[in-house]
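Have a look at the structure below, then the notes.
The values are calculated or read from the model by the stated rules, or taken from the named source; none is laboratory data. None of the values given here were measured: they were computed from a predicted structure. Here Cβ is always computed from backbone atoms with ideal geometry, including for glycine, and neighbour counts include all displayed protein chains. Heavy atoms of the whole protein, side chains included, go into the accessibility calculation; ligands, DNA and RNA do not. Shrake-Rupley method; radii C 1.70, N 1.55, O 1.52, S 1.80 Å.
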Amino acid sequence: MQKCECLSGSSAAECCDRLINQGIAPSDAKELMRSRYTAFKRNDIDYLEYSWASQHCPSRTQLQQSMTGTEWIGLLVHEHESINESTQQVEFSAFYLEQGGLFELRERSSFILESNRWVYQDGEISRGSGKIKNPGNLPCPCQSGKKFKRCHGSRR
């Protein structure tokens, strides 16, 4: 069983693959957010466009540029809440490697129902996002159980 790249603990087939590859609609914003993380990890621009609110989606070129040189290695969901029947928010941290450093993107994302399916509307990046200083002895965000320096940090 191949574990899902969103680190949910489920198999890929039971988690994000059914949304990304089979077109099954996510049941809520948290499920959509996890699948979008996986799509960023895979550089799947088609799915990202499909899962973005129509009035907020950047161009394909902008999406491709945002992925260049970025390796996504971990996801941690902090909170998921329903604001009303058509709006939900998810706060998460996504960890990535870029230019030899480890970074954290902590964001509170807003999702809306559009044409009866959940889509990403926008997000507010939290203070404290950015490069993680001296990550060597921290647990690796990929959830391997190793210290960062013995896992993804050894690639730097």
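Structure values in brief
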{"read-out": "Top positive-direction residue, dipole computed over the chain with Cβ charges, set G153, P26, G123", "value": "G153"}
{"read-out": "Rounded to the nearest 10 Å², the accessible area of I112 at probe 1.4 Å", "value": "30"}
{"read-out": "Charged-residue dipole, Cβ positions (Lys, Arg, Asp, Glu), the chain about Cα centre, Debye nearest 20", "value": "1040"}
{"read-out": "Per residue solvent-accessible surface (Å²) - the chain, probe of 1.4 Å", "value": "56"}
{"read-out": "Spherically averaged projected area of the stretch 1-60 from its Cα convex hull (nm²)", "value": "4.0"}
{"read-out": "Prolate/oblate/rounded call for the stretch 57-111, Cα gyration tensor, a/c under 1.5 rounded", "value": "oblate"}
{"read-out": "GluC sites (Glu not before Pro) restricted to DSSP loop in the stretch 56-156 with at most 12 other C-beta within 10 Å", "value": "E85"}
{"read-out": "Cα long-axis angle, helix 29-42 against the chain (0 to 90 degrees, to the nearest 10)", "value": "50"}
{"read-out": "Surface share of carbon and sulfur [accessible, 1.4 angstrom probe, percent] for the chain", "value": "44"}
{"read-out": "Value at 222 nm in deg cm²/dmol, rounded to 500, when DSSP H runs of n ≥ 4 in the chain each add -39,500 (n - 2.57)", "value": "-6000 deg cm²/dmol"}
{"read-out": "Histogram of C-alpha separations across the chain, 5 Å bin width, %", "value": "2, 9, 17, 21, 22, 15, 9, 4, 1, 0"}
{"read-out": "Where H78, H152 fall by accessible area, highest first, once all protein chains stay in place (1.4 Å)", "value": "H78, H152"}
